[in-house]
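Structure, as structure tokens:
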Amino acid sequence: MRRPCTQVLFPVAGAILGICLLSACAVDEVPKSALRLEESTLEVRTVQTRKFEAPSETAILTATIAVLQDMEFNIDRIERPLGVVSASKVSDADDSGEKFGLFLLDLLCGGSQGSGCDNLSTAKDEQHILLTMVVLPSLERSKEYSVRVTIQRVIYDQKERVKILERITTPETYQEVFDNLRRALAIEVNAT
């Protein structure tokens, strides 16, 4: 007597699936270096973080928003319960030296629009700067807050293609934000 096709296929398919699942469990061990943070991670976090004294979380968040608006950022999102403020701005990223060089390349290539040369369109055009500020109450002292700022930027060319995508790590940039926040907090505290 012949068995139906499904009675033969299901046990075979189940056995193959079982073998595949068991072989997936026998993956090599994860390298220990994959679980370690880079040495520079602590340095970057130190540059991005400062402690501030403030009468309340509301006062420091209000000062944070004022600082970002003074720095011409648009406030994109405020997550007050989490102490997170996200902001962004778009600015010019033109580099006149780069544009002049690309213009010369276009001239050497034939210079006409239909010649296939369009080097100038690859010049940096605008940059989108994204800033996130996280304010957390200190576990050590009351009325002390830890503020961490992260800044990224995306530079687009004239055809809106991503040219550069990077995390900003220069200490001077972060110090400027923290100095502005310190001044804004002083104003906020004196106003209340």
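Only the coordinates and a few stated rules stand behind these numbers; no lab work does. A quick note: this is a predicted structure, and the numbers were derived from the prediction, not measured. Positions of Cβ are backbone-derived with ideal geometry, glycine not excepted, and every protein chain shown enters the neighbour counts.
Structure summary
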| read-out | value |
| --- | --- |
| Approximate spin-label separation Thr170-Glu43, in nm, with each point projected 7 Å along Cα-to-Cβ | 1.7 |
| Within-13-Å neighbourhood charge of Leu61 [Cβ basis; K, R +1; D, E -1] | -1 |
| Protection proxy ranking, peptides 141-147, 59-65, average beta carbon neighbours within 10 Å, highest first | 59-65, 141-147 |
| In nm, spacing of pseudo-spin labels at Glu144 and His128 (7 Å Cα→C-beta vector) | 3.9 |
| Burial ranking of peptide ranges 72-80, 130-138, 42-50 (average Cβ count within 10 Å, highest at the top) | 130-138, 42-50, 72-80 |
